[in-house]
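Working notes for the structure below.
Please treat every number below as a calculation from the coordinates, not as lab data. All figures in this text were calculated on a predicted structure; none of them were measured in a lab. Ideal geometry is used to build each Cβ from the backbone, glycine not excepted, and the neighbour counts take in all protein chains shown.
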Amino acid sequence: MPHSIVTDVCEGISDCVGACPVGCIKPGQGKNKKGTDFYWIDFATCIDCGICIQVCPIEGAVLAEERKDLQKLKVDS
Ligand code: SF4
Ligand code: SF4
């Protein structure tokens with residue numbers, strides 16, 4: 001199952017972006033509820049390797065499941 005980034009937990013630190021072996025972690029548009037940048041995972045490309053969870057310093061920002069309800073691609077300000 002693809003991984004998801006919880007939009008409102010992500011702090012936009014982007015450690016995950018360079019670590020992903022298939023380059024499927026993309027910048028979101030706008031700012032999340034914390035006022036930080038955020039990223040999202042392309043479910044169709046993710047190979048479920050789990051590296052993003054290992055490198056992310058923010059507890060709960062990455063989930064090992066497909067959660068369209070928690071992961072947004074853009075946030076309107
Ligand atoms: S998911 Fe984690 S490592 Fe990736 S941008 Fe968000 S906070 Fe940073
Ligand atoms: S699980 Fe692996 S392939 Fe999927 S987003 Fe995370 S690092 Fe990339």
message = Condition first: assigned to a loop (DSSP other than H, G, I, E, B) and within 11 Å of ligand 2 (Cβ to nearest atom). Now tell me which residues in region 19-43 satisfy that.
response = Cys20, Pro21, Val22, Gly23, Cys24, Asp42, Phe43
inquiry  = Looking only at region 56-75, filter to residues that are out of contact with any strand residue (DSSP E or B) (no Cβ under 9 Å at 6 or more places or on another chain) and more than 15 Å from Trp40 (Cβ to Cβ); which one of those is surrounded by the fewest Cβ atoms within 10 Å (Cβ to Cβ)?
reply    = Glu59
ask   = Among Cys16, Cys46, Cys52, which is the only one that is assigned to a loop (DSSP other than H, G, I, E, B) and either in contact (Cβ under 8 Å) with a residue 40 or more places away in the chain or surrounded by 13 or more Cβ atoms within 10 Å (Cβ to Cβ) (or both)?
value = Cys46
ask   = Is there a residue being closer than 15 Å to Leu73 by Cα and either near ligand 2 (Cβ under 10 Å from one of its atoms) or under 12 Å from the mean Cα position of the chain (by Cα) (or both) anywhere in region 50-58?
value = no
query = Taking region 1-13 only, how many residues are in contact (Cβ under 8 Å) with a residue 40 or more places away in the chain and near ligand 1 (Cβ under 6 Å from one of its atoms)?
reply = 4
